[in-house]
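Quick one: the structure is below, and I'll ask about it shortly.
The values are calculated or read from the model by the stated rules, or taken from the named source; none is laboratory data. Given the structure is predicted, the values throughout are model-derived calculations rather than measurements. Ideal geometry is used to build each Cβ from the backbone, glycine not excepted, and the neighbour counts take in all protein chains shown.
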Amino acid sequence: MSGHNQLLPTAPPEQERRRSFLSWLTRGLAGLIGLAVTVPGLGFVLAPVFQKPPRRWRPVGKRDAFPLGATVLVEFEDPSSEPWAGVTATTGAWLRRVSDDQFIAFSINCRHLGCPVRWIAAAELFMCPCHGGVYYKDGTVAAGPPPEPLKRYAVRVRGNEVEIEAGPVPLTTTN
Amino acid sequence: MLPRRFREVWTWLDDRAGVSDYVVPLLTHVVPRDARWWYVFGSATLTAFLVQVVTGICLAMSYVPGGGEAYQSLKYITEQAPFGNVLRGMHYYGASAMVTLVVVHLVQVYLHASYKYPRELNWMTGVVLLFVVLGMAFTGQLLRWDANGVWSVVVAAEMAGRTPLVGPAIAHFTLGGDTVGGSTLSRFFVMHVFVLPGVIFAGVGLHLLLLFRHGVSEMPNPDQPVDPATYKAEYRERLRRTGVPFWPDAAWRDAVFSTVVVAVILGCAIFVGPPALTNPPDPGSIDANPMPDWYFWWYFAVLSLLPPRLETWVILGAPVLGFLALFCLPLISNKGHRAPSKRPWAVAVVIAAAAAFCVLTIYAYREPWSPDFAVQPLPASVVGGDQGPVADGARLVHRKGCLYCHNIDGHGGHRGPELSQIGKLLTRDDLIIRINNGGDNMPAFAGSITSDELQAIVDFLETRGR
């Protein structure tokens, strides 16, 4: 760079001022171009961070289809599914009918790192295949690394239809 | 006539484009003659990267980066498209080759301390490239958008979610929302196909520019410790006396080794094939056993073996600390001996790291912490009969899930202690207390088995080891 400058004759002061102005003008315009490109871009890319967590009641089946006391896997649609999400729009829960009208639903996500837990009916335990997390049938931690009990979803019965309030993937945070 | 015409065209092109002025000196720059086969790993990494670029571009022509369609397009590539299976295989084994070679290259440079003056920035750009390559490996692994891919995303988001304060924001940024959905895969696709390759191209350019600026390092010599005051003059002088042009004196070795690398990639792609797709990417299906690809197994094992209290610190801190330690290495030590014989600690670090990698990888392969969901009932030869209370107990030990975690004579998981000799180690009362109350990472079963079942299980366990 300095090599090029040496070729220039010493400029009179007003030309120096002009050059100084032009160099600041160029920097400023470059910054403006940068802002014009990045602001909408960042807004677009970061939008999911500022979304309000969506919650939707999703039907999972007829009440009478669930035997009393049994814990079964139900699949339902995510609350925030885009039209092109296809099979990834589904999510799951372990649903148990505890009385005629009462159900509880556990998220299938292990609270350790989110892997899908399995219900082992005879042992009445939820077990995670990833790092060995185990939960009792009420969702509390029985063994392994999970720091928190399984997350529960709200369940309601409308008429004969059982509905789960689908929400975000449960995150175990340090906050 | 024609040759003369060609020569004229070439002369014109060379004059206007400057090939002889810019490219030829780079190709024929003088390098030490003693490096021989030690220095082939960097160029082989670059070759593997080029394999990834070519196969990746081809795959991207059929791959659909949409949550719903990606799986179908992968099936099409693997099962129907001409050469699709081979290309997917080359991209997979190319990734393995790239991760392996970049680490081998790093280890070689570390052992020879080539990162010392004046090549500090060569090393630091290399460390950035290493982490970008690992980022490519991770994002690429989950573009294989099957059940394993979906759950890899969930695990990544959960890890990011542990970050203090901004954790949930990073997790939702990663997922492209609050759940795995339509936007999730395309985010990883963009990282894998646009962002990270761009960084690699720029990083490799800078890495090579620095290589030409400071020259290829010599083989370490115990009699030539690096002194920044005199190094450059001495290096130039030695090179003037004994150096050889890179092209063709040294380049042929790079070419030979790179050919071997590409042959291995192609051979594996043809004869072993790409990893099979597991179930469709349905986040509601529990029928998945998420595992990263082999080069991350060691980390997978670390996450399983850590005490939960330390976990968050290690998940978040280890990659950052690992990066900083490697990145800052030449700033901490940039002069003195380069020879491994004078740097026993460097050799020890490499041996310890290699040993830890192997042990953790084998451990992750065996997954002793994971319940053995596929375990079959104990055969009569192990139980010692198929009638009576002992046999009933043995059936219950299977049905109640004891064998998921406990091994009896080679049957069952390894999460809990082996029970093959338990009849000799614990009394009947101890067994009952332990099963009822659990403890030490074992669930309490008091609420989920009847008294009769408990008696039968204990009847069976008492016969073990007797």
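Looking at B:P274 and the list (1) assigned to a helix (DSSP H, G or I); (2) under 17 Å from the mean Cα position of the chain (by Cα), which single condition is not satisfied?
Failed condition: (1).
Residues of segment A:111-154 being touching a residue at least 40 places away in the same chain (Cβ under 8 Å), in contact with a Phe, Trp or Tyr (Cβ under 8 Å, 6 or more places away or on another chain) and assigned to a loop (DSSP other than H, G, I, E, B), which ones?
Hits for segment A:111-154 are A:G114, A:K137, A:L150, A:K151.
Further, regarding this structure: Determine whether B:F357 is more than 14 Å from every other protein chain (Cβ to nearest Cβ) and either farther than 17 Å from B:R464 by Cβ or in contact with a Gly (Cβ under 6 Å, 6 or more places away or on another chain) (or both).
yes
This table checks each residue for (1) in contact with a strand residue (DSSP E or B) (Cβ under 9 Å, 6 or more places away or on another chain); (2) assigned to a helix (DSSP H, G or I); (3) in contact (Cβ under 8 Å) with a residue 40 or more places away in the chain.
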position: B:A44; (1), (2), (3): no, yes, yes
position: B:V54; (1), (2), (3): no, yes, no
position: B:G66; (1), (2), (3): no, no, yes
position: B:Y76; (1), (2), (3): no, yes, no
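A further question follows. Take A:R111 and tell me if it is at pLDDT 90 or above and surrounded by fewer than 23 Cβ atoms within 10 Å (Cβ to Cβ).
no
Identify the single condition in (1) within 30 Å of B:Y299 (Cβ to Cβ); (2) modelled with pLDDT under 95; (3) among the small types (G, A, S) that A:G139 does not satisfy, given that it satisfies every other one.
With (1) within 30 Å of B:Y299 (Cβ to Cβ); (2) modelled with pLDDT under 95; (3) among the small types (G, A, S) applied to A:G139, the lone miss is (2).
To continue, here is another question. For a quick check of your reading of the model, give me the residue pairs whose first member lies in segment B:1-16 and is on the phi < 0 side of the Ramachandran plot, whose second is assigned to a helix (DSSP H, G or I) and of a type in the set (D, E, K, R), with beta-carbon atoms closer than 9 Å and at least 6 apart or on different chains.
If the second residue must be assigned to a helix (DSSP H, G or I) and of a type in the set (D, E, K, R), the pairs left are B:D14/B:D21.
If B:T125 satisfies every condition in (1) assigned to a loop (DSSP other than H, G, I, E, B); (2) buried (at least 18 other Cβ atoms within 10 Å of the Cβ) but one, which is the exception?
Every condition holds for B:T125 apart from (1).
For the structure I just gave you, tell me whether A:F76 is aromatic (F, W, Y) and within 11 Å of chain B (Cβ to nearest Cβ). Can you show your working first?
On the way: aromatic (F, W, Y): yes; within 11 Å of chain B (Cβ to nearest Cβ): yes.
Here the answer is yes, as A:F76 does meet what is asked.
Going by the structure shown, is A:F21 more than 27 Å from A:L171 (Cα to Cα) and surrounded by 16 or more Cβ atoms within 10 Å (Cβ to Cβ)?
So A:F21 fails the test.
Please find, among B:Y299, B:Y295, the residue that is in a helix (DSSP H, G or I), away from chain A (no Cβ under 13 Å) and of a type outside the set (V, I, T).
It is B:Y295.
Collect the residues in segment A:29-65 that are over 30 Å from A:D101 (Cα atoms) and not in a helix (DSSP H, G or I), keeping them in residue-number order.
If we filter segment A:29-65 for residues that are over 30 Å from A:D101 (Cα atoms), which is where we start, we get A:29-52.
Passing the criteria: A:Q51, A:K52.
Condition first: surrounded by 15 or more Cβ atoms within 10 Å (Cβ to Cβ), more than 14 Å from chain A (Cβ to nearest Cβ), within 41 Å of the chain's Cα centre (by Cα) and assigned to a loop (DSSP other than H, G, I, E, B). Now tell me which residues in segment B:419-454 satisfy that.
B:L419, B:S420
Starting from residues that are of a type outside the set (V, I, T) and either surrounded by 18 or more Cβ atoms within 10 Å (Cβ to Cβ) or touching a strand residue (DSSP E or B) at 6+ places or on another chain (Cβ under 7 Å) (or both), keep the ones in segment A:83-96 and report whichever is nearest to the other protein chains (Cβ to nearest Cβ). Reasoning before the result, please.
Our first condition is that a residue be of a type outside the set (V, I, T); within segment A:83-96, this holds for A:83-86, A:89, A:92-96.
With the extra rule that they be either surrounded by 18 or more Cβ atoms within 10 Å (Cβ to Cβ) or touching a strand residue (DSSP E or B) at 6+ places or on another chain (Cβ under 7 Å) (or both), the set shrinks to A:85-86, A:89, A:92-96.
Working: A:A85: 4, A:G86: 2, A:A89: 6, A:G92: 3, A:A93: 8, A:W94: 9, A:L95: 12, A:R96: 14 Å.
My answer is A:G86.
Scan segment A:46-57 for residues that are more than 8 Å from chain B (Cβ to nearest Cβ) and β-branched (V, I, T) and jot them down.
Answer for segment A:46-57, where residues must be more than 8 Å from chain B (Cβ to nearest Cβ) and β-branched (V, I, T): there is none.
Next up: Which one of these does A:S99 not meet: (1) small (G, A, S); (2) within 7 Å of another protein chain (Cβ to nearest Cβ); (3) in a loop (DSSP other than H, G, I, E, B)?
Single failed check for A:S99: (2).
Residues B:T55, B:T47, B:T28, B:T11: which one is surrounded by 12 or more Cβ atoms within 10 Å (Cβ to Cβ) and farther than 17 Å from B:F246 by Cβ?
When all the criteria are applied, what remains is B:T55.
Look through A:A105, A:A142, A:A123 and report the one residue that is of a type in the set (G, A, S), in contact with a strand residue (DSSP E or B) (Cβ under 8 Å, 6 or more places away or on another chain) and under 28 Å from B:Y363 (Cα atoms). Break it down stepwise before answering.
Numbers: A:A105 fails: under 28 Å from B:Y363 (Cα atoms); A:A123 fails: in contact with a strand residue (DSSP E or B) (Cβ under 8 Å, 6 or more places away or on another chain).
Just a single option satisfies the conditions, and that option is A:A142.
Of these, B:T45, B:T55, B:T28, which one is at pLDDT below 95 and hydroxyl-bearing (S, T, Y)?
So the residue among B:T45, B:T55, B:T28 that is at pLDDT below 95 and hydroxyl-bearing (S, T, Y) is B:T28.
Continuing with the same structure: For a quick check of your reading: which helices (runs of 4 or more DSSP H) sit entirely within segment B:144-257 and have at least 3 residues that are more than 14 Å from chain A (Cβ to nearest Cβ)?
Of the helices (runs of 4 or more DSSP H) lying wholly inside segment B:144-257, those with at least 3 residues that are more than 14 Å from chain A (Cβ to nearest Cβ) span B:196-214, B:231-242.
Between a first residue in segment B:344-371 that is more than 13 Å from B:Y110 (Cβ to Cβ) and a second residue that is of a type in the set (A, V, I, L, M) and in a helix (DSSP H, G or I), which pairs have beta carbons less than 7 Å apart while being 6 or more apart in sequence or on different chains?
The qualifying pairs are B:L360/B:A301; B:L360/B:V302; B:Y363/B:A301; B:A364/B:A301.
Name the single residue, out of those in segment B:156-213 being closer than 30 Å to B:K232 by Cβ and of a type in the set (G, A, S), that is surrounded by the most Cβ atoms within 10 Å (Cβ to Cβ).
Among those residues, the one meeting the criterion is B:G203.
Continuing with this model, one more query. With (1) more than 9 Å from chain B (Cβ to nearest Cβ); (2) within 30 Å of B:L403 (Cβ to Cβ); (3) among the β-branched types (V, I, T) as the list, and A:V60 as the residue in question, which single condition is left unmet?
(2)
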